[in-house]
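Chemist: One structure, as structure tokens, below. Some questions next.
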There are 2 protein chains.
Amino acid sequence: MPQKYVIIGGDAAGMSAASKIRRLQPEAEMVVFEKGKYISFAACGIPYWIGGIIEDGRKLQVLTPKIAREKRDIDVRIHHEVIKINPPSKTVTVRDIKSNKIFETAYDKLLIATGARAALPAIPGIEQDGVYTLRTLGDGNQIQSYLQNNNVKHATVIGAGYIGVEMAENLRHLGLAVTMIGIYDQIVPTFDKDILEQVQEHIIEQGVDLKLNTQVTDIDSSNQGLVVKSSAGDVETDLVIVSTGVNPNTELARDVGIKLGSKGAILINELMQTSDPDIYAAGDCCEHHHLVLDESIWIPLATSANKGGRIAGENMAGGSVPFPGILGTAVIKIFDYNIAQTGLSEKQARATDKYSEIDTVMITGGSKAHYYPGSTPVTVKMVVDKSSKRLLGAQIIGKSDVAKRLDVLATAITAKMTVADVAMLDLTYAPPVAPVYDPIHVAANVANK
Amino acid sequence: MPQKYVIIGGDAAGMSAASKIRRLQPEAEMVVFEKGKYISFAACGIPYWIGGIIEDGRKLQVLTPKIAREKRDIDVRIHHEVIKINPPSKTVTVRDIKSNKIFETAYDKLLIATGARAALPAIPGIEQDGVYTLRTLGDGNQIQSYLQNNNVKHATVIGAGYIGVEMAENLRHLGLAVTMIGIYDQIVPTFDKDILEQVQEHIIEQGVDLKLNTQVTDIDSSNQGLVVKSSAGDVETDLVIVSTGVNPNTELARDVGIKLGSKGAILINELMQTSDPDIYAAGDCCEHHHLVLDESIWIPLATSANKGGRIAGENMAGGSVPFPGILGTAVIKIFDYNIAQTGLSEKQARATDKYSEIDTVMITGGSKAHYYPGSTPVTVKMVVDKSSKRLLGAQIIGKSDVAKRLDVLATAITAKMTVADVAMLDLTYAPPVAPVYDPIHVAANVANK
């Protein structure tokens, strides 16, 4: 009997699954419901579009419903919101937002790929004109249009995580004065504070008024514009971007008793199945297995949405391919720097009882041979299990290609290598490209002592 | 009883071993004999020094005998040639080149780190003024001085391997007309020909007269200068660089019956011991264990000289740390391109009977998100064992940071990963840095089909 597939959500995870199912089963009945206007857009590119580095926002649309239909034979219904899952009858209840019609569609295998939404902190005045979150192309359009129609000279970014720092950079790129307010004593809290020192200085050098340890209490408006009130004083501003994290969109799953984790994200097994074996989940709405913690964790990132969606699609179509798991690997460009991390940070490693004693090392090497012009410092921090000497996590900061250096360590961690193994990796060397002992060798050698 | 250590050769391998021994045994008796004038110099930097990119050749001296003595407490005797090893008496016979005195020194543990020398092809006229090889700082000095004292407008590079292409680039950088002559039908023969096409075109676009499939028959001289005669015609030139590979310096070892491999390099076990257990070898004079071929092979590279020297030192001083082996990982800058390789090339994989059936894939992806400005093509070739889907080798070519991408694959090969494992690696992604599916993911996904 041919299967019928229903996919809720037309972004990275949903469209990856749909594409995979279609390749495996060209004749299968399949429909993707997307409640918004856009599918498969590159959310991570939005800050650079606002900053003018990416000139044409349409480039961020990886797929349109038309291209999905014509090139991939995928039936995508935009402006269609799934409002209920009915596991006993194996149907979903759908609302056509434009016509307001409600109908039911049957599934044999269902994928929940509903993603996450911007978390809105409880700040009075947050829902007024000139205050935006940044998650969808629609958000990007609104900010673009606000910038065009208002004399914006100063912008305030609330939140100093990934999106916050990318927005601060891009708003500076537009020539605006920028204040960035973070609630913690460091930017990007997934990193360890000690490795961020030079980057935080760099942000300030680039003209960002960085206020850490600061709580926003209110967003007021005056004739002159907006006033962000905080524990570090008032900031007069013309535009506020709120980027204080995201929450998973899991109400549909919760309502039918699908098991959720502590942060409200959907729990899945290694085949991407939820607690209902005919219902799969992928992307930012679900947890993933962490390869170092060896437990399920919610780290919503585009990388796992793409790979997990693909695996979910394969398994929905009859496969049994496990999704191995994640390391939380990430990189952020911050003006001239790149900062990258994988596996456990020191604070994560100390917080878990999985590893009883932790060693850390932090060294600075060069991006090229020391005698070759243009070599820049590369700072590597490693987190190591003291008894086994296994590498548990790494962070790298520098002005050069630190991301792919970090990826070497992500690969080493995936392979459960010790620092002695890393120290002996046969890596590329040529004076214009990398030193004979790469900074990751140096760090591993020190950690191995 | 305290040990006495003698080390023959004061370059990367020898000085790495000496430094390690000294750290482990601050009081041990140890001497390093170096027949040349320099120790521990960065041979790989010499082309860039000749090209004027590295302005001060002294920067290429990682250590001087004075610094080695004062900072590391290592007794280095330059201009001292070991002319004989006497295993029965456990002594070496040494000639002080300056005084021509000959003496003997006893060892408990001996390291042969004599390196390799430029191979000179049997071309008539090769030993005349204006014709140079490139291996030592002394060679570099000679070429520099020839360039300063002669009106050199055209240079010919014989040999199109690593050093040949680096020299061609650097001589172009000096503004010279350059002809490069290679005997094979491709440059850099350790790479597969199919991935080199764009780079070979690039070399020609950069003004190098590239003659492949060409045999040099004679180097003649006229009033106007030199004439390189070849199967592709005569080349009038002012300077000839011969870079047609190297041969291991293993006469000392051969003379006392230490076992050598087919290329004349010394065979060692995983502790870096030769067939005489009190005599170790490290660096370009010895073979190393190849992690994919699972056999001993001679691939003389600075990376294994440094790491192997360090391991030899540790084991000479009583340790028992295995040197895991090599992948032949290498990168070369060729004008705007970087080309990098690790593990088996397709031709190597097809030549060995270790793997019965081989698959290869070659794809081109982007260095950054496709919508982010400045993304450049990255071409990845993978060599895969067909039955196990294990990754055996990889080559990457592009204008961006291909070296560290290749290192990810070197790490994956070391961990014996399959292409399915590589496809699921959790690697960094951010639009300005890398696409959500890195080119190495794309290649692995295609190879996994």
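Chemist: Identify which of A:P248, A:P65, A:P373 has the largest mean-square fluctuation in a Gaussian network model of chain A, with springs joining Cα atoms closer than 10 Å.
Modeler: A:P373
Chemist: Hey, for A:E29 with labels 7 Å out along Cα-Cβ, what do the inter-copy distances come to in nm, ordered shortest first?
Modeler: Shortest to longest, the spacings are 9.1 nm.
Chemist: Could you work out the relative contact order of segment B:65-137? I mean the mean sequence separation of Cα pairs under 8 Å and 6+ apart, divided by the number of residues, in percent.
Modeler: Relative contact order for segment B:65-137 comes out at 16 percent.
Chemist: Report the net charge of residues surrounding B:D234, where surrounding means a beta-carbon distance below 15 angstrom and charges are Lys +1, Arg +1, Asp -1, Glu -1.
Modeler: Value of the local net charge: -3.
Chemist: Considering only chain A, what is the antiparallel percent among its DSSP beta bridges, to the nearest 5?
Modeler: Beta bridges within chain A, antiparallel portion: roughly 65 percent.
Chemist: Need the C-alpha centroid separation for segment A:57-93 versus segment B:210-260, integer Å.
Modeler: Centre-to-centre distance over Cα atoms comes out at 65 Å.
Chemist: Okay, moving on. Could you list which residues have their amide H under 5 Å from that of B:I266, counting only those 5 or more apart in sequence or on another chain, with H placed in the peptide plane?
Modeler: B:G261, B:C286, B:E287
Chemist: Using Cα springs under 10 Å in a Gaussian network model of chain B, which residue among B:S345, B:S296, B:S222 shows the largest mean-square fluctuation?
Modeler: Highest fluctuation of the listed residues: B:S222.
Chemist: Roughly what % antiparallel, to the nearest 5, for the DSSP beta bridges in the protein assembly as shown?
Modeler: 65 percent
Chemist: Report the local net charge at B:L267: Lys and Arg +1, Asp and Glu -1, summed over other residues whose C-beta lies under 10 Å from its C-beta.
Modeler: Here the count lands on 0.
Chemist: Right, next: Return the loop-located trypsin sites (Lys or Arg not before Pro) in segment B:80-119 (DSSP other than H, G, I, E, B) with at most 16 other Cβ atoms within 10 Å of their own Cβ; answer none if there are none.
Modeler: Sites meeting the loop and neighbour criteria: B:K98.
Chemist: Also, quick follow-up: What does the charge count around B:E251 come to, taking other residues whose C-beta lies under 11 Å from its C-beta (Lys +1, Arg +1, Asp -1, Glu -1)?
Modeler: +2
Chemist: Which distances, shortest first and in nm, link B:D294 to the matching position in the other copies, using label points set 7 Å out along Cα to C-beta?
Modeler: Label-point distances to the other copies, shortest first: 2.8 nm.
Chemist: What do you get for GluC sites (Glu not before Pro) in segment A:41-94 restricted to DSSP loop and a cutoff of at most 13 other Cβ within 10 Å of the site's Cβ?
Modeler: A:E55
Chemist: In vacuo Debye scattering of the protein assembly as shown, one point per C-alpha: log10 I(q)/I(0) at q = 0.04, 0.06, 0.09 Å⁻¹?
Modeler: These q points yield log10 I(q)/I(0) values of -0.22, -0.48, -0.98.
Chemist: Still on this structure: Tell me which residues come under 5 Å, amide H to amide H, from B:F41 once H is placed; ignore anything under 5 positions away on its chain.
Modeler: B:A12, B:V62
Chemist: Straight-line reach from B:K389: which lysines have Cα under 22 Å away, leaving out those fewer than 8 places along the same chain?
Modeler: Output for B:K389: A:K20, A:K307, A:K416, B:K347, B:K354, B:K381, B:K416, B:K449.
Chemist: Here's a follow-up. Once every DSSP H run of n ≥ 4 in chain A is given -39500 (n - 2.57) and the sum is divided by its residues, what mean residue ellipticity at 222 nm do you get, rounded to the nearest 500 deg cm²/dmol?
Modeler: -7000 deg cm²/dmol
Chemist: With the label 7 angstrom out along Cα to Cβ, how close does A:A177 come to the same site in each of the other copies, in nm, nearest first?
Modeler: Distances to the matching label points in the other copies: 6.2 nm.
Chemist: Right, something else. With a cut-off of 8 Å between alpha carbons and a minimum separation of six or more residues, what is the relative contact order of segment A:120-242 in percent?
Modeler: 33 percent
Chemist: Follow-up. Defining a contact as two alpha carbons under 8 Å apart and six or more residues distant in sequence, what relative contact order in percent does segment B:1-143 show?
Modeler: Reported as a whole number, the value is 28 percent.
Chemist: Something else: Hey, got a sec? Which trypsin sites (Lys or Arg not before Pro) in segment A:204-269 land in a DSSP loop and have at most 14 other Cβ atoms within 10 Å?
Modeler: Answer in residue order: A:K259, A:K263.
Chemist: Let me ask something additional. Considering only C-alpha atoms, what is the centroid distance from segment B:389-418 to segment A:314-370, in Å?
Modeler: Using only Cα atoms to place each centre, the spacing works out to 19 Å.
Computed from the coordinates by the stated procedures, all read-outs in this text should not be read as laboratory data. Computed from a predicted model, the values in this text were never measured in an experiment. Because the Cβ atoms are built from the backbone with ideal geometry, glycine has one as well, and the counts that use them run over all protein chains shown.
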